[in-house]
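The values are calculated or read from the model by the stated rules, or taken from the named source; none is laboratory data. Note that the structure is a prediction, hence the values are computed from the model and not measured. Using ideal geometry, Cβ is built from the backbone for each residue, glycine included, and neighbour counts are taken over all protein chains shown. Just so you know, the surface numbers come from the protein's heavy atoms only, side chains and all, with ligands and any DNA or RNA stripped out. Shrake-Rupley method; radii C 1.70, N 1.55, O 1.52, S 1.80 Å.
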Amino acid sequence: MVSWIISRLVVLIFGTLYPAYYSYKAVKSKDIKEYVKWMMYWIIFALFTTAETFTDIFLCWFPFYYELKIAFVAWLLSPYTKGSSLLYRKFVHPTLSSKEKEIDDCLIQAKDRSYDALVHFGKRGLNVAATAAVMAASKGQGALSERLRSFSMQDLSTIRGDSSSTVPPSVTVRTSSKQSHPKPSRSASEGTGSSGTA
């Protein structure tokens, strides 16, 4: 664990920050020789970082693995060994020069495919989002109308409850007067009929 932390710090400070500062100085001074030196370093360091991603997973159990990483970064940076320049000139430059056409073709195809895929998935994403928005709006509108209906029914029942407590005598009187009115008339007609028969 301690080796891992020390390794990460060394790679961060001496493998990234130190070269970044000297790359800045090379760009600022416009010294072509320094500029080329640091560009070679960054190409090698990019390959190292890519390889490190996988080797950290599979080779971290190897004895002195992290110490070897520290030594490798020091070797790349050392002005005496010129490790990055050596690796670039012996391996990377010849390989990239011989495969440059194929790499460029693959990058162009990948760029075109990724653009087409981005457009395709972008359209699908927009369609899904639009459908979801319409569905949410329709469900939301239905829920809103149901909520308004429930408020309306509740308000009506509240009004009925309020009106029955404030107006019930007249409503009750009207209903009872209608019902009681025919009864007296029947009893009156019965009374007249019975008085007529009597």
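Which of the residues belonging to segment 62-94 are in a loop (DSSP other than H, G, I, E, B) and open to solvent by 40 Å² or more (accessible area, probe 1.4 Å)?
Within segment 62-94, Phe62, Pro63, Phe64, Pro79, Tyr80, Thr81, Lys82 meet the criteria.
Can you confirm whether Ile57 is surrounded by 10 or more Cβ atoms within 10 Å (Cβ to Cβ) and either in the same structural domain as Tyr22 (by the TED database) or part of a helix (DSSP H, G or I) (or both)?
No, not satisfied.
Among the residues of segment 6-47, write down those that are part of a helix (DSSP H, G or I), of a type in the set (D, E, K, R) and out of contact with any helix residue (DSSP H, G or I) (no Cβ under 6 Å at 6 or more places or on another chain).
Arg8, Lys25, Lys28, Lys33, Lys37
Quick one: is Leu47 in the same structural domain as Pro19 (by the TED database), within 36 Å of the chain's Cα centre (by Cα) and either at pLDDT below 90 or not polar (S, T, N, Q) (or both)?
When the stated conditions are applied, Leu47 passes them.
Go through segment 55-100 and count every residue that is of a type in the set (Val, Ile, Thr) and under 15 Å from Phe45 (Cα atoms).
4
Among the residues of segment 97-109, is any closer than 30 Å to Val11 by Cα and either surrounded by 11 or more Cβ atoms within 10 Å (Cβ to Cβ) or touching a residue at least 60 places away in the same chain (Cβ under 8 Å) (or both)?
The answer is yes; a qualifying residue exists.
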